[in-house]
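The structure under discussion appears below in the form of structure tokens.
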Amino acid sequence: MLVSTILIVFSYLIGAIPFGYIIVKKYSNINIQEFGSGNIGSTNVKRAIGKKGAILTQLLDILKGLIPTLITLLIVKNGLVKGLPSDITLFASFSTILGHDFTPFLKFRGGKGVNTTMGASLIVTPLSTILAFLIYVIAKKVGKFVSVGSLLIGLSLPLFSFIFYGASSTSLYSLCAGILLILRHRDNIHRLLNRKENL
């Protein structure tokens, strides 16, 4: 129980590192939470400091979801700690997303979780994540709206997980991650419906 708690808290704190905020602050002294959409994700970082900063933010946000989840998985797979719950990797994965979305380092105002969700989910449901990402790329290319692609990830990730894993804990994880991602985009949904969404 203690080790499980440590892994979950560790995953949350790594996920909570606000790379977008840090990068923008370092290179421009802009408070990203007071710029553009106020989001700390790569899309708003691009608006603040350009493409290079956005790519760096995107990469780091993916890694902060992927690395804690991978560490937890390796601990479980190699039997390094006895008695760990079989689903601890899923809890660690979701914790990284919660950390990003509700970071204590910024008074629990975080990002929308797209990149961190992709990084974490790549470990626990890889094929579903890859297919969801491909849908994101196609939607972004055709429709130009990043938010539409992101919302489609929220819808397709649990769908593909259910197709590949059936009614399982992995599918439940994907459903929770997808619902959270969609909820974090509720302002975007409102702007899309009113035709006021930014590209």
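The numbers here are math on the coordinates, done by the rules we state, and not lab data. Quantities reported herein were computed from a predicted structural model and do not represent experimental measurements. Counting neighbours? That spans all protein chains shown, and the Cβs are built from the backbone with ideal geometry, glycine included.
The phi-based Karplus calculation (6.51 cos²θ - 1.76 cosθ + 1.60; θ = phi - 60°) puts the 3J(HN,Hα) values of the range 97-105 at 5, 4, x, 5, 6, 9, 7, x, 6 Hz, whole numbers, x for Gly and Pro. Under the shape rule built on the C-alpha gyration tensor, where the axes satisfy a ≥ b ≥ c, the range 125-199 is oblate, since a/c reaches at least 1.5 while a/b does not exceed b/c.
Please compare each pair in 25/112; 51/77; 25/107; 46/112; 25/141; 107/144 to a cut-off of 27 Å on the Cα-Cα distance and tell me which ones are over it. Intermediate values should be presented prior to the final figure.
On the way: 25/112 19 Å; 51/77 38 Å; 25/107 17 Å; 46/112 15 Å; 25/141 30 Å; 107/144 32 Å.
The pairs that break the limit, which is 27 Å between Cα atoms, are 51/77; 25/141; 107/144.
Any idea what diffusion coefficient the range 1-107 gets from Stokes-Einstein, in µm²/s, Kirkwood Rh on alpha carbon pairs, 25 °C, 0.890 mPa s? Using the Kirkwood radius from Cα pairs, D works out to 170 µm²/s. Count the net charge of all other residues whose Cβ sits under 14 Å from the Cβ of residue 70, scoring Lys and Arg as +1 and Asp and Glu as -1. Around residue 70, the surrounding residues sum to +2.
Each helix, a run of at least 4 DSSP H residues, gives -39500 (n - 2.57); summed and divided by the residues of the chain, these come to -24000 deg cm²/dmol at 222 nm. Amide H to amide H distances under 5 Å link residue 109 with 103, where only residues 5 or more positions off or on other chains count and H is placed in the peptide plane. If you take the Cα centroid of the range 2-16 and the Cα centroid of the range 144-199, the two points sit 25 Å apart. Summing Cβ point charges (Lys, Arg +1; Asp, Glu -1) relative to the Cα centre of the chain gives a dipole of roughly 680 debye.
Could you identify which residue out of 54, 167, 177 has the top mean-square fluctuation in a GNM of the chain using Cα springs shorter than 10 Å? It is 167. A simple rule links phi to the HN-Hα coupling: the Karplus curve 6.51 cos²θ - 1.76 cosθ + 1.60 with θ = phi - 60°, which for the range 22-34 gives 5, 5, 5, 5, 5, 9, 9, 6, 8, 8, 4, 6, 10 Hz, with x for Gly and Pro.
Report the semi-axes of the equivalent ellipsoid for the chain in whole Å, largest first, where each axis is √(5λ) for an eigenvalue λ of the Cα gyration tensor.
Details: eigenvalues 156, 86, 34 Å².
They are 28, 21, 13 Å, listed from largest to smallest.
Across the range 43-58, rounded Karplus estimates of 3J(HN,Hα) from the backbone phi angles (6.51 cos²θ - 1.76 cosθ + 1.60, θ = phi - 60°) give 5, 6, 4, 4, 5, 7, 10, x, 5, 4, x, 5, 5, 4, 4, 4 Hz, Gly and Pro being marked x. Going by alpha carbons, how many degrees (0 to 90, nearest 10) lie between the helix axis of 2-15 and the longest principal axis of the chain? Here the helix axis deviates by roughly 20 degrees. Counting Lys and Arg as +1 and Asp and Glu as -1 over every other residue whose Cβ lies under 11 Å from the Cβ of residue 17, the net charge comes to 0.
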